[in-house]
Amino acid sequence: MEHVVDGVAQLRVVEVPVEPKNTEGGDGKSTCTVTASATLSPGMKRVIVNLPPDATEYKHDPSKPLKKFADMKIHHGFMIKGPYLQPIKGTNGSAALIRVQEGMWEDKQGHKVDGGERRRAEVRAKRRAEERKKASEGA
């Protein structure tokens, strides 16, 4: 992220113009459809951008490519969804803060149970045999 102040970055959902697609039709002419919906302006799409903490508006620069942020998604058309996000009050989920936290960069993996997949049956058989010995000695 480009704009991080004191370990805090602001993410916001904004509308940016769609880059026109040059698709050649059968007649050799370029065709591009511009659609709109009840919640989206024609020729626009929604993306997640990183803004400075004091900014409320976003100016799109077509020369800069838009960045994608790992595990961040747009949910229900306007809400940001992802790990370590804290929604900003009054934005209805369209803006959130992400703070630097312990464990953010660790790749979480599963933990081995009873020596792992290959040795599981062997370890459990030894454990059952040991329990039977203890049970027979106590009786």
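Every read-out reported here was derived from the displayed coordinates using simple, explicitly stated rules and does not represent laboratory data. Keep in mind it's a predicted model, so treat the numbers as computed, not measured. When we count neighbours, we look across all protein chains shown, and the Cβ atoms used for this are built from the backbone with ideal geometry, even at glycine.
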Subject >> Within a Gaussian network of the chain (alpha carbon springs, distance under 10 Å), most fluctuating of 60, 75, 111 >> reply: 111
**OP:** Determine the calculated [θ] at 222 nm for the chain from helices alone, applying -39500 (n - 2.57) to every DSSP H run no shorter than 4 residues and normalising by the residue count; nearest 500 deg cm²/dmol.
**Re:** -4500 deg cm²/dmol
Original post:
If the viscosity is 1.002 mPa s and the temperature 20 °C, what Stokes-Einstein diffusion coefficient in µm²/s follows for segment 47-139 when Rh is the Kirkwood radius over Cα pairs?
Top reply: 116 µm²/s
Subject >> Footprinting exposure proxy for 98, 74 (fewest neighbouring C-beta atoms within 10 Å first) >> reply: 74, 98
**OP:** For helix 120-138, report the angle its Cα long axis makes with the longest principal axis of the Cα atoms of the chain; keep it between 0 and 90° and round to the nearest 10°.
**Re:** 40 degrees
Subject >> Contour minus Cα-Cα distance for residue 74 and residue 16 (0.36 nm per residue) >> reply: 19.5 nm
